[in-house]
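Inspection log for the structure reproduced underneath, given as C-alpha cells.
The values are calculated or read from the model by the stated rules, or taken from the named source; none is laboratory data. In this text, all values refer to a predicted model and were calculated from it rather than measured experimentally. Heads up, the Cβs are rebuilt from the backbone with ideal geometry, glycines too, and the neighbour counts pull from every protein chain shown.
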Amino acid sequence: MTDKIHSLFSVPIIEIKIPSEFSSIIKFFNSQSLLEPDHLMKIEFGNRSKDSYILDNPKCVLLKNFLLQKISEYGQEVLNLDYSEYKLTQSWISIKHLGETHAPHTHPNSIISGVFYYGEVSESTSKLGFQKIPVSTSYVMEPKYKSNFNPLNGPYFLPVSPGTLYLFPSNLGHFVNTNNTSIPRKSLAFNSVPKKGLGVESFLTEFKF
C-alpha cells in the first residue's frame, strides 16, 4: 500500500500496582461461590462468581474506595473526561480453568472498566488481549472483518501478574486466549459510570443513574 496512513489517536490503558495492604481481600475472593454455566458457555467465557456486585460487600470497602480514586484519576488525567466522581456498577470474580477462554467483547452501559489479577500465574498464563475493531455494532448491515490484524487494529497483549490492575475504556474490545495451564487464571472485573450521570440537562441529553 503506497497511500499514507495517519495513526492519529491511541487508546490509553493504565497499569496500576495494587498496594500489598489489600492482599488480605484475596481470601474473601477465593471463598466466592461460582455459577455453573453450561459446557459451551464455560468454554467461551469461563466461570464467574454468583455475586455480580462483589465490591458492594462491606469487606471490600477499602479496595472499592481505592479503585474509585484510580478510576477518577484515569478518567480526568488520561481520558480527559469531565467527571470527578464515579460509582461502580457490577463487579465479579472471573476464573479461567484449563481449556477455557473469554471471547472478544465490550462492556455496554459502562464508561471505564477494570480488571485486577490475583492468584498464582505462570509464564504461560493467558495475557489480556485488546483489539480496536468493534466486536459488536449497531449497523443495519453488519460489516465483516478479516482475521489478519495489523498494528492499526491489534491485537495487543498485556501480561498478567498478581496485584496488577488495568483500567481501560469500556467500549474497547478485549478478550482472553485459552488457558493452557493447570493454574486457574483469577481476576476481579468491574464496570463504572459517572456518579452524577451522563449528558447535559440544557441539551435534553441528561441521563441520571
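Which of the residues belonging to the stretch 182-198 are surrounded by 12 or more Cβ atoms within 10 Å (Cβ to Cβ) and either more than 23 Å from the chain's Cα centre (by Cα) or not in a strand (DSSP E or B) (or both)?
Ile183, Pro184, Lys195, Lys196, Gly197
Return yes when Leu98 is part of a loop (DSSP other than H, G, I, E, B), surrounded by fewer than 21 Cβ atoms within 10 Å (Cβ to Cβ), touching a Gly at 6+ places or on another chain (Cβ under 6 Å) and of a type outside the set (S, T, N, Q) and no when it is not.
Answer is no for this residue.
Listed here are the residues, each with its yes/no results for (1) buried (at least 18 other Cβ atoms within 10 Å of the Cβ); (2) touching a strand residue (DSSP E or B) at 6+ places or on another chain (Cβ under 6 Å); (3) closer than 20 Å to Ser170 by Cβ; (4) hydrophobic (A, V, I, L, M, F, W, C).
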{"site": "His6", "(1), (2), (3), (4)": "no, no, no, no"}
{"site": "Lys17", "(1), (2), (3), (4)": "no, no, no, no"}
{"site": "Ile25", "(1), (2), (3), (4)": "yes, no, no, yes"}
{"site": "Ser31", "(1), (2), (3), (4)": "no, no, no, no"}
{"site": "Ser52", "(1), (2), (3), (4)": "no, yes, yes, no"}
{"site": "Lys59", "(1), (2), (3), (4)": "no, no, no, no"}
{"site": "Leu67", "(1), (2), (3), (4)": "yes, no, yes, yes"}
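Would you mind finding the one in Tyr117, Tyr86 that is of a type in the set (Ser, Thr, Tyr), in contact with a Pro (Cβ under 7 Å, 6 or more places away or on another chain), buried (at least 17 other Cβ atoms within 10 Å of the Cβ) and within 19 Å of Leu158 (Cβ to Cβ)?
So the residue among Tyr117, Tyr86 that is of a type in the set (Ser, Thr, Tyr), in contact with a Pro (Cβ under 7 Å, 6 or more places away or on another chain), buried (at least 17 other Cβ atoms within 10 Å of the Cβ) and within 19 Å of Leu158 (Cβ to Cβ) is Tyr117.
Applying the selection to the stretch 71-95, what residues are within 15 Å of the chain's Cα centre (by Cα), of a type in the set (A, V, I, L, M, F, W, C) and not in a strand (DSSP E or B)?
Once the filter is applied, which keeps residues that are within 15 Å of the chain's Cα centre (by Cα), of a type in the set (A, V, I, L, M, F, W, C) and not in a strand (DSSP E or B), the stretch 71-95 yields only Ile71.
Would you confirm whether or not the stretch 133-145 contains a residue that is closer than 21 Å to Ile14 by Cβ and either modelled with pLDDT under 90 or surrounded by 13 or more Cβ atoms within 10 Å (Cβ to Cβ) (or both)?
For the stretch 133-145, residues closer than 21 Å to Ile14 by Cβ and either modelled with pLDDT under 90 or surrounded by 13 or more Cβ atoms within 10 Å (Cβ to Cβ) (or both): absent.
Anything in the stretch 1-24 that is under 26 Å from Gly129 (Cα atoms) and not in a loop (DSSP other than H, G, I, E, B)? List them, or say none.
Once the filter is applied, which keeps residues that are under 26 Å from Gly129 (Cα atoms) and not in a loop (DSSP other than H, G, I, E, B), the stretch 1-24 yields Ile14, Glu15, Ile16, Lys17, Ser20, Phe22.
Is it fair to say Phe168 is surrounded by 12 or more Cβ atoms within 10 Å (Cβ to Cβ) and either farther than 24 Å from Asn65 by Cα or not aliphatic (A, V, I, L, M) (or both)?
Judged against the criteria, Phe168 is a match.
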